[in-house]
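Everything below concerns the one structure shown next.
The values are calculated or read from the model by the stated rules, or taken from the named source; none is laboratory data. Keep in mind it's a predicted model, so treat the numbers as computed, not measured. Using ideal geometry, Cβ is built from the backbone for each residue, glycine included, and neighbour counts are taken over all protein chains shown. Side chains are part of the model used for accessible areas, which takes the heavy atoms of the whole protein and leaves out ligands, DNA and RNA. Shrake-Rupley method; radii C 1.70, N 1.55, O 1.52, S 1.80 Å.
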Amino acid sequence: MDALTGVKACVFDAYGTLFDTASAARRSADLLGDKAGPLAALWREKQLAYTWLRAVQGRHADFWQVTGDALDFALEALAIGRSGLRDRLMQLYLTLDPYPEVPEVLRRLRAAGLKTAILSNGTPHMIEALVAGAGLQGQFDALLSVEQAGAYKPHARVYQLALDALGLPARAIAFQSSNGWDAYGASAFGMQVVWCNRSRQPRERLPGAPDREVDTLAALPGLVGA
C-alpha cells in the first residue's frame, strides 16, 4: 500500500477508532449476560443518530447528554432494568478500552516527529478521561471537542478545528476514523484520510473518498512515513 505524502500530523477520531465503544457493556457482562452485545450495538447506533437528528433540528446537546439519552433508549428497548446499571455504564464510558495497537502506534508517530491530535464528538471532560484512563497523557498535541465548534461531525466547522489547532492546511493532515461517514466527511473537507474499517463495512455513498483503507491502526505508521 503506497504511503501518503506531505503528512505532518495525524488526527484521530476517538470512539471506535482509538477506543472500543463496546468495552463498557462488555465489562458489565456480569449484569448484562447475553444482552451485552446487543446493548453495545444499539447504544452506539442511537448515540450517533441523536447527534445527527439534533443537528438537523438545530437543538444541540453535548455528547454526555446524548450518550445518556441513547443508553436510556437502549436499556428500555432491551427491557434491561437492573438497579445502578445505568450509572455504572456511563462511568465505564469514561474509561473505554483502547484498541491494543494504539499505544505503540502513537509512540511511533511521535518518535517520527509527527503531530498528533484527537478530534471527537466527545466533550472535553470525556476526551480527557479517556486519555487519562488509557495512560496516554502526553501522546497528543491537542484534544479537540466538537463543543468548540458547536456542531457535530461531519460539519465542516468541526474539521476546521484541527487545522486551526495544529496550524496546518488540510492536505498536511492524515485523519483516521473507523466510522465511514466520518472518514468520508473529512475527505470531502480536504484532509488525507485513512479509514480504519475495523468492521469491514462497505463503502459509503457520500461525498469524499478515503485515501487508504486499513483493518487496524497498526498499518498507519507505514502509511505516513513513521
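Filtering the range 171-226 down to residues that are farther than 20 Å from Lys115 by Cβ and among the hydroxyl-bearing types (Ser, Thr, Tyr), which residue is surrounded by the fewest Cβ atoms within 10 Å (Cβ to Cβ)? Filtering first and then ranking leaves Ser199. Looking only at residues in the range 150-170 that are in contact with a Lys or Arg (Cβ under 8 Å, 6 or more places away or on another chain) and open to solvent by 20 Å² or more (accessible area, probe 1.4 Å), the one that is farthest from Ala61 (Cα to Cα) is Leu168.
Given Gly58, Gly6, Gly33, which one is open to solvent by 60 Å² or more (accessible area, probe 1.4 Å) and at positive phi? Sole residue among the options that is open to solvent by 60 Å² or more (accessible area, probe 1.4 Å) and at positive phi: Gly58. Looking at Arg27, Arg88, Arg108, Arg82, which one is in contact with a helix residue (DSSP H, G or I) (Cβ under 8 Å, 6 or more places away or on another chain), open to solvent by 50 Å² or more (accessible area, probe 1.4 Å) and modelled with pLDDT under 95? The match here is Arg82.
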